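The block underneath contains the structure these notes are about, expressed in C-alpha cells.
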Amino acid sequence: MRHWIFLGSLAGMAATALGQPANNTAFELASLREDVRLLTQRVGELAMTVEQLNRENSSLQAKASQNYVTVDQLNKAVSDLNRSVQNSLADQKRDTLQQVAGQIERLGKQTNAALDALAKGQATRPAVQTEFKEDFPKQGVNYTVQAGDTLSGIAQKHNARLADITNANKISDPTRIRVGQTLFIPQR
C-alpha cells in the first residue's frame, strides 16, 4: 500500500511539472516526504531483520558443526570401532587359547602321573591266575564280602588257604573282590 502512495506522489509531481496548480504541489511534496520517511523506516526494519537472520544463521551453522557429523566422519568412527573390537576379540581369543593350553598341559601331566602310578601298581601285583585247580576241600562255608575285606584277610579269619579260596571261586585277580559278593570258603 505504501508503494502505491509513493507512486501516487510521483504521479502528482509529474502532473505539477506538466502545469498543475502549485497548492497541489505542496501537498504532493508533503506526501512524498512521508513516503520517503516510511520507506526509510521500512528499510531500517528490513536491515534489522536481515541482521537478525544472519545471526540466527550463524548460530545454526555453529550448532550444526557441533551436533552433526558428516558421513565420512561416521564411516571413519565405525571403522575405528570395528578395528578396536577386532583387536579386543583377538586378544581375548589369544588369552583363552593360552588358558586352555595351560589346562590341557596340567591335565596331561596329571594323566601321565596317574598312568605311571597305575603302571607301578600293576608291576607289583601278583600274576593273574588263569588256570584253577580242583584240589581244594569241597566242604566249607559261604561268606559275604564286607567293606574293607581283603581275600588274604578273609582266609586268615576263616583259617583257610588263599589258594583254596581263589581256586574254589575261580578268582583270577585277588585284589578285585566286591562288597556284597558271596564267596565259598573251603575248610580243611
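Sort region 140-186 into rounded, prolate or oblate with this rule: let a ≥ b ≥ c be the square roots of the eigenvalues of the Cα gyration tensor; rounded if a/c is under 1.5, and if a/c is not under 1.5, prolate when a/b is larger than b/c, oblate otherwise. Could you put the intermediate results ahead of the total?
On the way: a/c = 1.34, a/b = 1.16, b/c = 1.16.
Rounded.
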Exercise. Once phi is turned into θ = phi - 60°, what whole-Hz ³J(HN,Hα) does the Karplus curve with 6.51, -1.76 and 1.60 give for every residue of region 165-179, x standing for Gly and Pro?
Worked result: 5, 5, 6, 5, 9, 6, 8, 7, 10, x, 7, 10, 9, 10, 4
Exercise. In terms of modelled amide H atoms, which long-range or inter-chain residues lie less than 5 Å from the amide H of residue 140?
Worked result: 187
Seminar exercise, completed: Given backbone amide H placed at 1.01 Å from N, residues whose amide H is under 5 Å from that of residue 183, ignoring those fewer than 5 places away on the same chain, are 143, 144, 145
For this session: Show which lysines lie in cross-link reach of residue 76 when reach means a straight Cα distance below 27 angstrom and same-chain residues fewer than eight apart are skipped.
Result: 63, 93
Problem set entry | residue 55/residue 75 FRET efficiency (R0 41 Å; Cβ-Cβ; nearest 0.05) | 0.75
Problem set entry | Note, ³J(HN,Hα) from phi for region 35-41, Karplus 6.51, -1.76, 1.60, rounded to Hz, x at Gly and Pro | 4, 5, 5, 5, 5, 5, 4
Exercise. Is there a pair in 120/157; 133/157; 109/157 whose C-alpha atoms are over 32 Å apart, and which pairs would that be?
Worked result: 109/157
Exercise. When the Karplus curve 6.51 cos²θ - 1.76 cosθ + 1.60 is applied with θ = phi - 60°, which whole-Hz ³J(HN,Hα) does each residue of region 42-53 get, with x for Gly and Pro?
Worked result: 5, 4, x, 4, 5, 5, 5, 5, 4, 5, 5, 5
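Output the peptides 26-34, 102-110 sorted from most to least packed, where packing is the average of other Cβ atoms within 10 Å over each peptide's residues.
Packing order, densest peptide first, comes out as 26-34, 102-110.
Only the coordinates and a few stated rules stand behind these numbers; no lab work does. This one's a predicted model, so the numbers in the text were calculated from it and none came from an experiment. Every residue, glycine as well, gets a Cβ built from its backbone with ideal geometry; the counts of neighbours run over all protein chains shown.
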